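*Asks:* Supplied in structure tokens, the structure appears directly below.
The values are calculated or read from the model by the stated rules, or taken from the named source; none is laboratory data. Being a predicted model, the structure only gives us computed values, none of them experimental. No Cβ is skipped: glycine too gets one built from the backbone with ideal geometry, and neighbour counts run over all protein chains shown. When the accessible area is computed, the model is the full protein with side chains, heavy atoms only, and any ligands, DNA or RNA have been set aside. Shrake-Rupley method; radii C 1.70, N 1.55, O 1.52, S 1.80 Å.
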Amino acid sequence: MAEYDVIIIGGGPGGYNGAIRAGQLGLSVACVEKRETLGGTCLNVGCIPSKSLLHASEMLDLANKQFARLGIDVTPKLNLPTMMRQKDESVAQLTKGVEFLFNKNKVEWIKGGGRLTGLGRVEVTDAGGATSILEGKSIVIATGSRPTPLPGVTVDGVRIVDSAGALALPEVPGHLVVIGAGVIGLELGSVWRRLGAKVTVVEYLDHITPGLDAETAKALQRSLSKQGITFKLSAKITGATASKVGVDLTVEPAAGGTAEGLSADYVLVAIGRQPYTDDLGLDVVGITPDPRGFIDTDHFATGAAGVYAVGDVTHGPMLAHKAEDEAVACIEIIAGKAGHVNYDVIPGVIYTSPEVATVGKTEEELKATGVTYKVGKFPFTANSRAKVNHEAEGFVKVLADANTDRILGVHMIGPGVGEMIGEYCVAMEFAASSEDVARTCHPHPTRSEALRQAAMGVEGWTMQA
Ligand code: FAD
Ligand code: NAI
């Protein structure tokens, strides 16, 4: 029987980063992953392939809509098989890269499905059905999440797809109906819109991207509508019938009322994700997930002796970097160090065009908690670099405590803001005031100056116009 200091179940961002950190700290570690490749949802069917298609489709869109304005005359033509192939190649390179890091850090990848059979014990069943038993002083559950099913709209993987299917459609749909105006729906809806599909997004609520700063969400919806995406808000799909050539849907007002028909070539169901703990043996070690399936933790400990959980399978935002940070902190705690995650500073990015990037509290959250705050806001129309690049859509908004000036939240929409939010994450980690950012020299001409100008706006001394 193989024995380890740590056994991690799941090889996604939670699992693989935890395993590598354990190896770095000199712990003997096995990572049990049942997929053919490491990297989990993120590298295989999530963050990485979606960003590949977002980038490629944005290039096509720019070539179609922007190049002529810059004095570049081209006639771009989509080659979908090549676009899909370069995406698959990137995924393969990155998943192989995790395997390389496993070897480098002496992490053993045990291929197969892991199941807890007792405290400190994991049974692994490989693809051929053979089983083996591993023993570990500590076990970390990092089994991630899967798409939430929608009753009445069965994902068949052909005409009705989930996010994995929407990353690999064989053709550009004439009409793509997306159910759910969340991050997946808007990112993948954008991809197919740019590649030529008519896209209709059906959302149950009366607004898109629940939880996002409301002003930013409105600006995003306005922009995506201008790009040709149609939104049906406060609406629910009540039935879907797929044929060989398409899908007939019925849609009703969320509050009830007259149903109407909607036909689509393909349907993407993207109404959220749920924790994945099937056949994991949680009951055997006395772990009862909460009613939504999440494993409750206290500093990653589950309550079962020596069993921890990190990433999408636990509470909090379902984001790769959150899973990664939790895994590293969890392993450091297991190794007797002081692992820590600052949940107030976990950024979120929506990789649409324009991008949305946020960190910290929204205005709505601050109002609800009664904190008095000041707002500094700066539009990219007043930023010279954004203007010369003809990328002047959007704004940066900084929320700072009215008494202490400490930065509480930052919300931005605009081209490339996903690459800029890290500056505010560092500032917030250091408990910066808005004045700290406002008095920090930024290079000119860059879009990053808008970050500083928004901070200057908190005290009303914005200068660029
Ligand atoms: P996962 O990545 O889901 O990994 C869990 C792994 O465990 C899987 O490989 C699974 O096969 C394995 N597993 C499960 N059960 C067992 C078992 N019993 N035995 C062995 N192995 C098992 N997040 C971002 O931060 N940025 C993005 O841009 C982004 N884009 C996304 C785009 C899409 C389309 C999707 C679907 C998600 C995206 N996410 C993004 C979310 C991100 O993918 C997840 O938050 C992240 O993958 C969670 O990591 P994890 O390690 O907790 O779980
Ligand atoms: P989501 O929670 O972001 O959005 C789901 C949307 O579907 C919500 O707007 C919700 O109101 C709506 N909805 C729910 N039930 C519905 C129904 N019956 N009919 C119509 N609308 C309905 O979930 P999504 O987009 O599936 O993404 C899952 C997770 O993946 C997110 O939590 C996100 O964190 C992560 N992700 C992150 C990305 C990023 O960081 N860029 C990219 C893609 C996914």
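*Asks:* Report those strands (runs of 3 or more DSSP E) wholly inside the range 202-307 carrying at least 2 residues which are without any contact (Cβ under 8 Å) to a residue 40 or more places away in the chain and within 10 Å of ligand 2 (Cβ to nearest atom). First the steps, then the outcome.
*Replies:* Details: elements: 230-232, 235-242, 247-253, 260-264, 266-269, 273-275.
Passing ranges, in order: 235-242.
*Asks:* Within the range 241-256, is there a residue that is within 16 Å of ligand 1 (Cβ to nearest atom) and not assigned by TED's automatic domain parsing to the domain that holds GLY414?
*Replies:* We begin by selecting, within the range 241-256, every residue within 16 Å of ligand 1 (Cβ to nearest atom); these are none.
So far as the range 241-256 goes, no, none of its residues is within 16 Å of ligand 1 (Cβ to nearest atom) and not assigned by TED's automatic domain parsing to the domain that holds GLY414.
*Asks:* Among the numbered criteria (1) open to solvent by 10 Å² or more (accessible area, probe 1.4 Å); (2) not in a helix (DSSP H, G or I), which single criterion is violated by GLY165?
*Replies:* (2)
*Asks:* Does THR277 satisfy being open to solvent by 10 Å² or more (accessible area, probe 1.4 Å) and either aliphatic (A, V, I, L, M) or touching an Asp or Glu at 6+ places or on another chain (Cβ under 9 Å) (or both)?
*Replies:* Values: open to solvent by 10 Å² or more (accessible area, probe 1.4 Å): yes; either aliphatic (A, V, I, L, M) or touching an Asp or Glu at 6+ places or on another chain (Cβ under 9 Å) (or both): no.
Here the answer is no, as THR277 does not meet what is asked.
*Asks:* For the range 373-380, state whether one or more residues are touching a residue at least 24 places away in the same chain (Cβ under 8 Å), touching a helix residue (DSSP H, G or I) at 6+ places or on another chain (Cβ under 6 Å), closer than 30 Å to SER50 by Cβ and not aromatic (Phe, Trp, Tyr).
*Replies:* Yes.
*Asks:* With the requirement that a residue be within 16 Å of ligand 2 (Cβ to nearest atom), open to solvent by 50 Å² or more (accessible area, probe 1.4 Å) and aliphatic (A, V, I, L, M), what does the range 134-162 give you?
*Replies:* VAL155
*Asks:* Something else about it: Just the residues that are in contact with a strand residue (DSSP E or B) (Cβ under 6 Å, 6 or more places away or on another chain) and either open to solvent by less than 40 Å² (accessible area, probe 1.4 Å) or among the basic types (Lys, Arg) (or both), please, taken from the range 92-115. Working first, answer last.
*Replies:* Residues of the range 92-115 that are in contact with a strand residue (DSSP E or B) (Cβ under 6 Å, 6 or more places away or on another chain), as a first pass: 102, 107-110, 112-115.
If the condition is that a residue be in contact with a strand residue (DSSP E or B) (Cβ under 6 Å, 6 or more places away or on another chain) and either open to solvent by less than 40 Å² (accessible area, probe 1.4 Å) or among the basic types (Lys, Arg) (or both), then PHE102, VAL107, ILE110, GLY112, GLY113, GLY114, ARG115 are the ones that fit.
*Asks:* Looking only at the range 308-348, which residues are in a loop (DSSP other than H, G, I, E, B) and either near ligand 1 (Cβ under 9 Å from one of its atoms) or surrounded by 17 or more Cβ atoms within 10 Å (Cβ to Cβ) (or both)?
*Replies:* Filtering the range 308-348 down to residues in a loop (DSSP other than H, G, I, E, B) leaves 310, 315-319, 335-342, 346-347.
Result: VAL310, PRO317, MET318, LEU319, ALA335, GLY339, VAL341, ILE346, PRO347.
*Asks:* Give the residues of the range 42-81 that are assigned to a helix (DSSP H, G or I), small (Gly, Ala, Ser) and touching a residue at least 12 places away in the same chain (Cβ under 8 Å), sorted by residue number. Break it down into steps so the answer makes sense when it comes.
*Replies:* Going residue by residue through the range 42-81, those that are assigned to a helix (DSSP H, G or I) are 42-45, 47-65, 68-70, 80-81.
Cutting the leftovers down to small (Gly, Ala, Ser) gives us 50, 52, 56-57, 63, 68.
SER50, SER52, ALA56, SER57, ALA63 - these are the residues of the range 42-81 that are assigned to a helix (DSSP H, G or I), small (Gly, Ala, Ser) and touching a residue at least 12 places away in the same chain (Cβ under 8 Å).
*Asks:* Mind listing just one residue for me: the one in the range 168-196 that is open to solvent by 50 Å² or more (accessible area, probe 1.4 Å) and under 12 Å from ARG273 (Cβ atoms) and, of those, farthest from ligand 1 (Cβ to nearest atom)?
*Replies:* By that ranking, first place goes to VAL183.
*Asks:* Here are some conditions: (1) outside the structural domain of LYS137 (by TED's automatic domain parsing); (2) modelled with pLDDT of 95 or more; (3) within 20 Å of the chain's Cα centre (by Cα). GLU324 meets all but one. Which one does it not meet?
*Replies:* So the condition that GLU324 fails would be (1).
*Asks:* Which of the residues belonging to the range 226-261 are charged (D, E, K, R), open to solvent by less than 60 Å² (accessible area, probe 1.4 Å) and more than 20 Å from GLY189 (Cα to Cα)?
*Replies:* GLU252 - this is the single residue of the range 226-261 that is charged (D, E, K, R), open to solvent by less than 60 Å² (accessible area, probe 1.4 Å) and more than 20 Å from GLY189 (Cα to Cα).
*Asks:* Filter the range 83-138 for residues that are β-branched (Val, Ile, Thr), under 28 Å from the mean Cα position of the chain (by Cα) and in a strand (DSSP E or B) and give the result. Steps first, answer last, please.
*Replies:* Pass one, the range 83-138, residues β-branched (Val, Ile, Thr): 91, 95, 98, 107, 110, 117, 122, 124-125, 131, 133.
Checking which are under 28 Å from the mean Cα position of the chain (by Cα) leaves us with 91, 95, 98, 107, 110.
Within the range 83-138, VAL107, ILE110 qualify.
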